[in-house]
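A.B. asks: Let me give you the structure first, and then I'll get to my questions.
The values are calculated or read from the model by the stated rules, or taken from the named source; none is laboratory data. Since this is a predicted model, take the numbers as computed values, not measurements. So basically every Cβ, Gly included, is an ideal-geometry build from the backbone, and we count neighbours across all protein chains shown.
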Amino acid sequence: MSDRNDPEIPCDLLTQARFSCDEEISTLLGEKELAQLTLASIVDAVVTTDVATAITYLNPAAEELTGWNTAEAVGRGLDEVLRLLNEDEDATTLDFAPCLRHGRTVVLSENLTLLRRDGHRLTLEGHAAAIRDRNQRILGMVLVLRNVSEKKLGSLQLARAAHYDGLTGLLNRETFHRHLHAALEQVRGGTSHVLCHMDLDQFRVINDTCGHAAGDLLLEWISSLIRERVRDGDVLARLGGDELALLLTECSMAAAERIAEEIHRGLKTFRFVWRGQSFLVSISIGLVSVTGEFKDLAELLGAAEYACYLAKQKGRRRSQVYQPNDVEIRRHHGQMNWLLEIQRALDEDLFVLYWQPIQPIAQTTPGQSFFEVLLRMKGKDGVIHQPGDFLLAAERYGLMPAIDRWVVSKTLEMLLLQPRELIDQLVCCSINLSGASIGDESVLEFIEQELTRTGFPAGKICFEITETAAVSHLGMAARMIEQLSARDCRWALDDFGSGMSSYRYLRELPVHFIKIDGNIVGDLTTSPLSRAMVKSINQIAHVMGVRTIAEAVSSLAMVRELEEIGVDYVQGFFIGKPRPIRTQRPAS
């Protein structure tokens, strides 16, 4: 018989069961502690409930998300702790029955907003899953939630950027065009709309004088001022730069003119002040009735834009209504036709280079050549068009930089085709640059790239700019002259004497030639005043070390007068008419 006190003798069944239960409890407590530590370390919010959706646990992230601590939340209903709002900001209750009854995962909508205990709103995403025991019975559910407010804000900002102008908060060009397209469809059903194209007057002056920060602030203020004066339902947009557009929906032209006048009236009392400088600000407005007569959006926009252009031409600070039969409007349509021709010429390489000789009055070295490159355009009918036919449209629609690039590139390529001995005899080839190109930084970069690409001697190239263009873009003109002069390029100031500021700005533009305006030279032999002006310009140029070229010389008598005055070079029909450039040296 065994001794009952022998330690090797097993305890009775009750004691054995107790030991086994204690061990299991210890294991379970360890697992629970581990689970809680794990949940506490999860960055997502974790909320558990019982089958009645009463809160049983919040991890620290859930406490931070909801504003409730676990001790306060346990036992409270889920709807009390997790107060949710729908897209309309109305309180909403989620249906967790599929999770609590059938064990299915419930995904929370991304459009749900959590109203925190402190009143702040957060955007949530997440899901709920059933909690089961070992026998697969549902004991409650666990919700895993994530704050996606920043993600949603980023998405909203991206969506807004796709439709709105970042500076003014107005609709952007693309979105406005969609509204305008819809308006065109509506008018075919009898609805009346009016489109307004608006340009700030003298915006460039403020931008250039005070800097882009001032220009940006001015655009913001003007946009706000206009927004206050239009009706609910009207569509205001920024098309780019200082161009704004306004679609007055379900509006007669008479009512549209009253709204335009209200905008003008608001600006009359507006003063833009920047660092002690005060500016009067005004706007030009072009109005056009949106009717089914316009074939497409481009034609409608063009009509409003040109009406605005006419308002500027007539003195600014005014409105102009588009009239289809207006003579100036018909002229504009003619410019639109030229625009298409110019674009075709650029695409199909239909521009043509001509040359015109520039001759020294005192020919010292026989055989040397100096000429100006001129531009012509071949029409679709094969006719060669003069610059006066198409350059106005090119300037109006911003195509001059593209044309100037073409001329620079083709001229350099043409010169490379000439025999070496003829290039050696070339004194200078003169190429015109427009005012738009002078104000375009990318044109300067292009010229430098072309000089490098072709390797043509830069010292044999002279760029011509008009006096008016130089004065209008004085800073950029001086920089361009300095930068290209450093590469040995030369410069000529064209049409000198045509403006009112000729002498004032001359010292700021270190040019090599002054071309005396043909309108002055043309009266040289008949007008003492013209002769005095030519003489004055020539004397001042020579004092500054600049050589002079008289334009529009049409007779031997003019040549003799110019020789007596001391002008260096002459150019005009008497010297030689413009001729097409060939791949060989043009005859003198």
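A.B. asks: Residue by residue through the stretch 349-376, note down the ones that are buried (at least 18 other Cβ atoms within 10 Å of the Cβ) and modelled with pLDDT under 90.
C.D. replies: Result: Ser369, single match.
A.B. asks: Of these, Asp199, Asp232, which one is touching a residue at least 60 places away in the same chain (Cβ under 8 Å) and not in a helix (DSSP H, G or I)? Talk me through it step by step, then tell me what you get.
C.D. replies: Values: Asp232 fails: touching a residue at least 60 places away in the same chain (Cβ under 8 Å).
So the residue among Asp199, Asp232 that is touching a residue at least 60 places away in the same chain (Cβ under 8 Å) and not in a helix (DSSP H, G or I) is Asp199.
A.B. asks: Of all residues in the stretch 286-296 being touching a helix residue (DSSP H, G or I) at 6+ places or on another chain (Cβ under 6 Å) and either among the aliphatic types (A, V, I, L, M) or at pLDDT below 80 (or both), which is nearest to His177 (Cα to Cα)?
C.D. replies: Looking at the filtered set, the residue picked out is Val290.
A.B. asks: Any residue that is at pLDDT 90 or above and surrounded by 15 or more Cβ atoms within 10 Å (Cβ to Cβ) - is there at least one of those in the stretch 498-508? Before the answer, list the steps.
C.D. replies: So the first thing to find is which residues in the stretch 498-508 are at pLDDT 90 or above, and the list is none.
No - not one qualifying residue is present in the stretch 498-508.
A.B. asks: State the number of residues belonging to the stretch 101-137 that are surrounded by 14 or more Cβ atoms within 10 Å (Cβ to Cβ), part of a loop (DSSP other than H, G, I, E, B) and on the phi > 0 side of the Ramachandran plot.
C.D. replies: Residues meeting the conditions: 1.
A.B. asks: Of all residues being among the aliphatic types (A, V, I, L, M) and exposed (fewer than 15 other Cβ atoms within 10 Å of the Cβ) in the stretch 380-414, which is nearest to Ile447 (Cα to Cα)? Just the residue, please.
C.D. replies: Narrowing the stretch 380-414 to residues among the aliphatic types (A, V, I, L, M): 383-384, 391-394, 399-400, 402-403, 407-408, 412, 414.
Filter once more, so that each one left must be exposed (fewer than 15 other Cβ atoms within 10 Å of the Cβ): 383-384, 392.
On the way: Val383: 30, Ile384: 27, Leu392: 23 Å.
The qualifying residue nearest to Ile447 (Cα to Cα) is Leu392.
A.B. asks: Which is of a type in the set (Ser, Thr, Tyr) and more than 20 Å from Thr209 (Cβ to Cβ), of Ser278, Ser223, Ser282?
C.D. replies: On the way: Ser278 fails: more than 20 Å from Thr209 (Cβ to Cβ); Ser282 fails: more than 20 Å from Thr209 (Cβ to Cβ).
Result: Ser223 is the single residue among Ser278, Ser223, Ser282 that is of a type in the set (Ser, Thr, Tyr) and more than 20 Å from Thr209 (Cβ to Cβ).
A.B. asks: Tell me yes or no: at least one residue of the stretch 298-313 is over 17 Å from His197 (Cα atoms) and at pLDDT below 85. Quick ask: steps written out before the conclusion?
C.D. replies: Residues of the stretch 298-313 that are over 17 Å from His197 (Cα atoms), as a first pass: none.
So far as the stretch 298-313 goes, no, none of its residues is over 17 Å from His197 (Cα atoms) and at pLDDT below 85.
A.B. asks: Starting from the stretch 251-267, take each residue that is over 19 Å from Ser282 (Cβ atoms) and list its partners that are of a type in the set (Ser, Thr, Tyr) and at pLDDT 90 or above, counting only C-beta distances under 6 angstrom and pairs at least six apart or across chains.
C.D. replies: Pairs that qualify, where the first residue is over 19 Å from Ser282 (Cβ atoms) and the partner is of a type in the set (Ser, Thr, Tyr) and at pLDDT 90 or above, are Met253/Ser289.
A.B. asks: Here is a follow-up. Return yes or no: is Ala237 in contact with a helix residue (DSSP H, G or I) (Cβ under 6 Å, 6 or more places away or on another chain), over 14 Å from Arg317 (Cα atoms) and of a type in the set (Gly, Ala, Ser)? Before the answer, list the steps.
C.D. replies: Working: in contact with a helix residue (DSSP H, G or I) (Cβ under 6 Å, 6 or more places away or on another chain): yes; over 14 Å from Arg317 (Cα atoms): yes; of a type in the set (Gly, Ala, Ser): yes.
The answer is yes for Ala237.
A.B. asks: Touching a residue at least 40 places away in the same chain (Cβ under 8 Å) and of a type outside the set (A, V, I, L, M, F, W, C), is that true of Gly545? Break it down into steps so the answer makes sense when it comes.
C.D. replies: On the way: touching a residue at least 40 places away in the same chain (Cβ under 8 Å): no; of a type outside the set (A, V, I, L, M, F, W, C): yes.
In short, no.
A.B. asks: Can you name the residue in the stretch 90-127 that is within 44 Å of the chain's Cα centre (by Cα) and acidic (Asp, Glu) and, of all such residues, is modelled with the lowest pLDDT?
C.D. replies: Ranking the qualifying residues of the stretch 90-127, first place goes to Glu110.
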